[in-house]
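Peer 1: Before I ask anything, here is the structure I am working with.
All of the numbers you see were taken from the coordinates with simple rules; none came from a lab. For clarity, every value in this text was computed on a predicted model and none was experimentally measured. Cβ placement follows ideal geometry from the backbone for every residue including glycine, while neighbour counts extend to all protein chains displayed.
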Amino acid sequence: MCYVRLAARRLRPGLPRLAAFLPVLAMLPFLPLAFRAVHPRVISGFFLAWLAESKLLLLANGQGPLHPSLPLPAFVAVASGPVRLRVEKPAQTSSGLGLVSAAVMAALLAVIVSLYKYEERMNQYILFTLYSFHMYLALELVLASMAAAARTLLGLDLEAQFDRPYISASLGDFWGRRWNLSVPNVLRPCVYRPVRAYLGSAAAGVLASFLVSGLMHELMFSYITLRPPTGEVTAFFALHGACAVAEAWWARHDKWWRPPPLLATPLVLAFVIVTAFWLFFPPLTRPGADKVIIAECEAAIAFLRDAGAWAAGSVRSVWTGRL
C-alpha cells in the first residue's frame, strides 16, 4: 500500500497509474491463501481481493474513497478495510453497533454455534436457517469490530456496514441500502455507474453489479472450500439481480398493486432465504466446508470461555489476596 500511495502521488489517473498498480492488483488475491484456517482466509480475501482491488481500481481512475493525500495508516485502513470515510460532520454519523447490541449478537452467535452439536438430528432447512443467522451475525460483528478499531486507532469517522436488513421492503432495499454496505459502496462506482453511463440503462447497471457480485462471491467461496467455483453463487446473484430489475420496473407503475410493508418484508426475507437454500449454501455444504467453519467457531468459543474463566480466576485471586 505504501507503493500504491507513492505511485498515486506521482502518476496521473488513467493508464499510467493503472499500469503502476498492476503488480499489486495481481498479488492481492493470492495473499489470503497464506492462511490455513477458513475464517482468516475468507475475511482477508474479502478485504484484499474484493474491497482493496475495487478501491485501487477506482484510485487508478482518479476516484475516491482513496486519495494519495491521506495519511498512510488511514490510506491502508480505507483501502483494505470494510470502511469508508464519511463526508458529514461527526455529530451526524452513526456510531455503528453499540456495546450492548454487540454483546447480544455475540451471545446469539454463541447460542447458534452451540446448537450445531445437534445438526445430525436437524432438518436440513432448519440447519440452513441457522446458517443464515450465523452469517448475518458473524458479518455484523466482524465488520463492526473492524470499523470500531479503525475509529479508535485512527480517529476515522466511519459508516455502519448494516442497516437492519431484516426490515427490508424490497430486494433493492435489502442489497443496495441495508446488507453489507461496503459491497454496494464499491459496486456502484466500479460497475453500476460505468455500465449505466455506457449503455444508458439503469437495469443493465443493476444486472452487471449483481453479476460481478456473484463472481466475487464465487472467489470468496473458493477461499473457503479451496475448490474451483461451481457457478451456483453467480446464479444466485444473477437471479436476484433480474428480480430486482423486475421489482423496480413494477414499482414505476403507480397504479399497479404492491404488497403493504407488513407483507413485503417477510416476502423479501423469505425469497432471500429460500433462494439461498437452493443456490447459496450447497456449494459450502457439499464439500463439507460448513463443518470446518463450525469446528473453528466452536474452538474460538471454547478459547474465549477458557480465557474468560482464567481472567475471572486471576481477578478473584488478586481481590482475595488484597482482602
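Peer 1: Compute the Kirkwood hydrodynamic radius of region 1-81, taking the inverse of the mean of 1/r over all pairs of distinct Cα atoms, and give it in Å to one decimal.
Peer 2: On the way: mean 1/r = 0.0787 Å⁻¹.
Evaluated over region 1-81, this radius sits at 12.7 Å.
Peer 1: Under a GNM of the chain (C-alpha, springs under 10 Å), which listed residue has the highest mean-square fluctuation: ARG286, ARG252, ARG193?
Peer 2: Largest GNM mean-square fluctuation: ARG252.
Peer 1: Quick one: grab the alpha carbon gyration tensor of region 166-287, order the square roots of its eigenvalues as a ≥ b ≥ c, and give me rounded if a/c is under 1.5, else prolate or oblate depending on whether a/b is larger than b/c.
Peer 2: It is oblate, given that a/c is not under 1.5 and a/b is not larger than b/c.
Peer 1: Write down the Kirkwood hydrodynamic radius of the chain, to one decimal in angstroms, obtained as one divided by the mean of 1/r over all alpha carbon pairs.
Peer 2: 21.7
Peer 1: Next question, about the same structure. Highest GNM mean-square fluctuation, the chain, Cα pairs closer than 10 Å: which of VAL111, VAL38, VAL183?
Peer 2: Looking only at VAL111, VAL38, VAL183, the largest GNM fluctuation is found for VAL111.
Peer 1: Also: Please identify which residues in region 271-286 have an amide N closer than 16 Å to a label point set 7 Å out from the Cα of PHE133, following the Cα→Cβ vector.
Peer 2: Under cut-off, by backbone N: 273-274.
Peer 1: Going 7 Å from the Cα of ARG227 toward and past its Cβ, which residues in region 272-288 have a backbone nitrogen under 13 Å from where you end up?
Peer 2: 281-288
Peer 1: If each of LYS291 and ARG12 carries a label point 7 Å out from its Cα toward its Cβ, how far apart are those two points in nm?
Peer 2: 5.9
Peer 1: Hey, can you list the DSSP H helices of the chain whose Cα span along the axis is 27 Å or longer and whose average Kyte-Doolittle score is at least 0.0?
Peer 2: Numbers: long enough: 124-154 (44 Å, 1.22); 202-225 (34 Å, 1.37); 232-251 (28 Å, 0.99); 289-322 (50 Å, 0.43).
In the chain, the long hydrophobic H runs are 124-154, 202-225, 232-251, 289-322.
Peer 1: Still on this structure: First measure r as the distance between the Cβ atoms of LEU108 and ARG188, then evaluate 1/(1 + (r/R0)^6) with R0 = 25 Å and state the FRET efficiency to the nearest 0.05.
Peer 2: Working: r = 31 Å, r/R0 = 1.24.
In this case the efficiency is close to 0.20.
Peer 1: Can I ask one more? Of PHE303, PHE133, PHE46, which has the largest mean-square fluctuation in a 10 Å C-alpha GNM of the chain?
Peer 2: Fluctuation is largest for PHE303.
Peer 1: Taking the simple approach of a point 7 Å from Cα along Cα-to-Cβ for both HIS67 and LEU33, what is their distance in nm?
Peer 2: Calculated label separation equals 3.7 nm.
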